[in-house]
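First the structure, in the form of structure tokens, and then the observations on it.
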Amino acid sequence: MKITQFNKKHKELGGKMVEFAGFEMPVEYTGVNDEHINVRENVGVFDVSHMGEIWVKGHKAYEFVQKVTSNDISVLNIGDAQYSCFPNDKGGIVDDLIVYYYEHEKYMLVVNASNIEKDWNWLVSKNNENAELENASDSISQIAVQGPNATNVLQKLTEINLSEIKFYTFKVGELADVKNVIISATGYTGAGGFELYMYNNDAEKIWDAVFKAGKEFGIKPAGLASRDTLRLEMGYCLYGNDINDTSSPIEAGLGWITKFTPQNNFINRSALEKQKTDGVTKKLVAFELIERGIPRHDYEITDAENNPIGIVTSGTMSPMLKKGIGMGYVNKSNCNIDNEIFIQIRNKPVKAKIVKLPFYKA
């Protein structure tokens, strides 16, 4: 198992360690609900160093990234970040990712930990442009400082005006006396905050500085379990659950990151454009339980007559809403907002309704 630069810190803080994507990672510290609510209302810190970072450089970098990602990078300025996905050539998704336009002819692709090798092999296989590719995943550490007090904490550590870093933009500069830190207004929680990218040898110094600066705000570490409940309250997709090699971005409600602009001739564009024009047979929907219960991955979804109409891809008990919430694919005829559906929990149909995202609004 791999470990991150913060492994010792997690254990000192009482983190419950588990294997995740080949890494030993903290699943929780003080409990999922406590960590979740602290991020929503205050500030929490996630170790996300297991994520992958792949650089694309050179005079063909733009053409290559435009080809392999579904979103349109022509709209980006240096300092912009963009949510996107790698479409495969069978109508599915290789991975979802964030594209950072770092500098002229240089992009950073941040990919999911469990897909680093798969993504790398995919990119290499599609690199007819001979763009310069570098897998820097093992040399970069990353923490997510999330919550309404994240700016107050981090502003104590940098002269960069953090309020000027708008959502899905970033700056590169000094933080905690460490140079060349990427400070990115992205995250997977919907609670606001920043993701910090640094070289491994600076990681502990930044971690310690962040927790010292956050002490007056009651900063706490947070684990993978609360990261999952936070992202689900926002309706953010999780690769391997809500999207995968066989689900298309159109089916997954990711048409907004699948841009059919004249300059965006990405892999398998024609098939996805046909889906958008002709429609799809299933769609990813969000639902709230009306009756008591907790929906889980792979639970069956049925209609009022007990006919199977879909499958749950993600589900949990929402710490903020105190009710069961989830997402799943259902037949197109059953996917309308407010439509009544049933989740089969221990062979019992539990009533739910389809709702608009996000589940939780601050």
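The values are calculated or read from the model by the stated rules, or taken from the named source; none is laboratory data. All of these numbers come straight from a predicted model, not from anything done at the bench. We place every Cβ from the backbone using ideal geometry, glycine too, and count neighbours over all the protein chains shown.
In table form, for the structure just shown:
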{"read-out": "Residue, farthest from Ser139 (Cα to Cα), within segment 1-38, restricted to residues that are of a type in the set (Asp, Glu) and within 20 Å of the chain's Cα centre (by Cα)", "value": "Glu35"}
{"read-out": "Top-ranked residue in segment 79-121 [being within 24 Å of Trp256 (Cβ to Cβ) and free of Cβ contacts under 8 Å to residues at least 40 places away in the same chain; ranked as surrounded by the most Cβ atoms within 10 Å (Cβ to Cβ)]", "value": "Leu97"}
{"read-out": "Looking only at segment 39-64, and only at residues there that are over 19 Å from the mean Cα position of the chain (by Cα) and part of a helix (DSSP H, G or I), the one that is farthest from Val124 (Cα to Cα)", "value": "Glu41"}
{"read-out": "Looking only at segment 267-295, and only at residues there that are among the aliphatic types (A, V, I, L, M) and within 18 Å of Ala252 (Cα to Cα), the one that is surrounded by the fewest Cβ atoms within 10 Å (Cβ to Cβ)", "value": "Ala271"}
{"read-out": "Qualifying residue in segment 335-353 (condition: of a type in the set (S, T, N, Q) and under 30 Å from Leu76 (Cβ atoms))", "value": "no"}
{"read-out": "Subset of segment 268-300 (residues that are touching a helix residue (DSSP H, G or I) at 6+ places or on another chain (Cβ under 8 Å) and among the aliphatic types (A, V, I, L, M))", "value": "Val280"}
{"read-out": "Subset of segment 9-32 (residues that are of a type in the set (D, E, K, R) and closer than 15 Å to Arg227 by Cα)", "value": "Lys16, Glu28"}
{"read-out": "Those residues of segment 210-234 which are among the hydrophobic types (A, V, I, L, M, F, W, C), more than 30 Å from His297 (Cβ to Cβ) and either surrounded by fewer than 21 Cβ atoms within 10 Å (Cβ to Cβ) or not assigned by TED's automatic domain parsing to the domain that holds Lys16 (or both), in sequence order", "value": "Phe211, Ala213, Phe217"}
{"read-out": "Test: residue in segment 140-150 that is farther than 24 Å from Tyr236 by Cβ and in the same structural domain as Phe217 (by TED's automatic domain parsing)", "value": "no"}
{"read-out": "Residue match in segment 8-26 (condition: surrounded by 21 or more Cβ atoms within 10 Å (Cβ to Cβ), modelled with pLDDT of 95 or more and touching a Leu at 6+ places or on another chain (Cβ under 9 Å))", "value": "yes"}
{"read-out": "Subset of segment 1-52 (residues that are out of contact with any His (no Cβ under 7 Å at 6 or more places or on another chain) and β-branched (Val, Ile, Thr))", "value": "Ile3, Val18, Val27, Thr30, Val32, Ile37, Val39, Val43, Val45, Val48"}
{"read-out": "Selected residue [of a type in the set (Val, Ile, Thr) and assigned by TED's automatic domain parsing to the domain that holds Phe167] from Val110, Val43", "value": "Val43"}
{"read-out": "Residue list for segment 296-323, restricted to those being buried (at least 19 other Cβ atoms within 10 Å of the Cβ) and more than 21 Å from the chain's Cα centre (by Cα)", "value": "Tyr299, Ile301, Ile309, Gly310"}
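So that you can scan it fast, the table gives a plain yes or no per residue for (1) closer than 30 Å to Pro319 by Cβ; (2) in contact with a strand residue (DSSP E or B) (Cβ under 6 Å, 6 or more places away or on another chain):
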{"residue": "Trp55", "(1), (2)": "no, yes"}
{"residue": "Gly58", "(1), (2)": "no, yes"}
{"residue": "Thr69", "(1), (2)": "no, yes"}
{"residue": "Val75", "(1), (2)": "no, no"}
{"residue": "Gly79", "(1), (2)": "no, yes"}
{"residue": "Ile93", "(1), (2)": "yes, yes"}
{"residue": "Asp96", "(1), (2)": "yes, yes"}
{"residue": "Val99", "(1), (2)": "no, yes"}
